[in-house]
1. Filter segment 22-74 for residues that are among the acidic types (Asp, Glu) and either outside any loop (DSSP other than H, G, I, E, B) or within 25 Å of VAL5 (Cβ to Cβ) (or both) and give the result.
2. Small (Gly, Ala, Ser), free of Cβ contacts under 8 Å to residues at least 60 places away in the same chain and surrounded by 10 or more Cβ atoms within 10 Å (Cβ to Cβ): does that describe SER48?
3. Considering segment 2-13 alone, what residues qualify as being touching a helix residue (DSSP H, G or I) at 6+ places or on another chain (Cβ under 9 Å) and outside any strand (DSSP E or B)?
4. If I go through segment 2-16 residue by residue, how many of them are loosely packed, with under 11 Cβ neighbours inside 10 Å, of a type in the set (Val, Ile, Thr) and farther than 14 Å from VAL31 by Cα?
5. So how many residues does segment 61-74 have that are surrounded by 10 or more Cβ atoms within 10 Å (Cβ to Cβ) and among the charged types (D, E, K, R)?
6. If LYS16 meets every condition in (1) part of a loop (DSSP other than H, G, I, E, B); (2) in contact (Cβ under 8 Å) with a residue 12 or more places away in the chain apart from one, which number is that one?
7. Of the residues GLN58, GLN41, which is surrounded by 10 or more Cβ atoms within 10 Å (Cβ to Cβ) and not small (Gly, Ala, Ser)?
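Here, each number is a calculation from the coordinates, and none is a lab measurement. All values derive from a computational prediction rather than experimental measurement. So basically every Cβ, Gly included, is an ideal-geometry build from the backbone, and we count neighbours across all protein chains shown.
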Amino acid sequence: MDNLVIENKGDQMVLKLNKKGFDENYLIALVKRLQIESLAQKSGFNSSILNISEEINQDWWNENSEEFLKEVKR
């Protein structure tokens, strides 16, 4: 048997995985990623959200970089 078999069953895609072919922790992480992707698609967000996240990250860095790097030798 192959490690991965994908079956198209109308409204469903069935994935069959050989347990010996995959690490359990990897599969759990993969399923969680699929759940996150599904939720993200349902949210209706588009790529403009990336601009907002970059702005938030930059603002945080501007406000916290000194404290964050205070123990690092320059």
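1. Scanning segment 22-74 gives ASP23, GLU24, GLU37, GLU54, GLU55, ASP59, GLU63, GLU66, GLU67.
2. Values: small (Gly, Ala, Ser): yes; free of Cβ contacts under 8 Å to residues at least 60 places away in the same chain: yes; surrounded by 10 or more Cβ atoms within 10 Å (Cβ to Cβ): no.
So SER48 does not fit the description; no.
3. Looking only at segment 2-13, we keep the residues that are touching a helix residue (DSSP H, G or I) at 6+ places or on another chain (Cβ under 9 Å), and these are 2-4.
Of everything in segment 2-13, those that are touching a helix residue (DSSP H, G or I) at 6+ places or on another chain (Cβ under 9 Å) and outside any strand (DSSP E or B) turn out to be ASP2, ASN3.
4. Of the residues in that region, 1 qualify.
5. The number of residues fulfilling the criteria is 1.
6. (1)
7. Result: GLN58 is the single residue among GLN58, GLN41 that is surrounded by 10 or more Cβ atoms within 10 Å (Cβ to Cβ) and not small (Gly, Ala, Ser).
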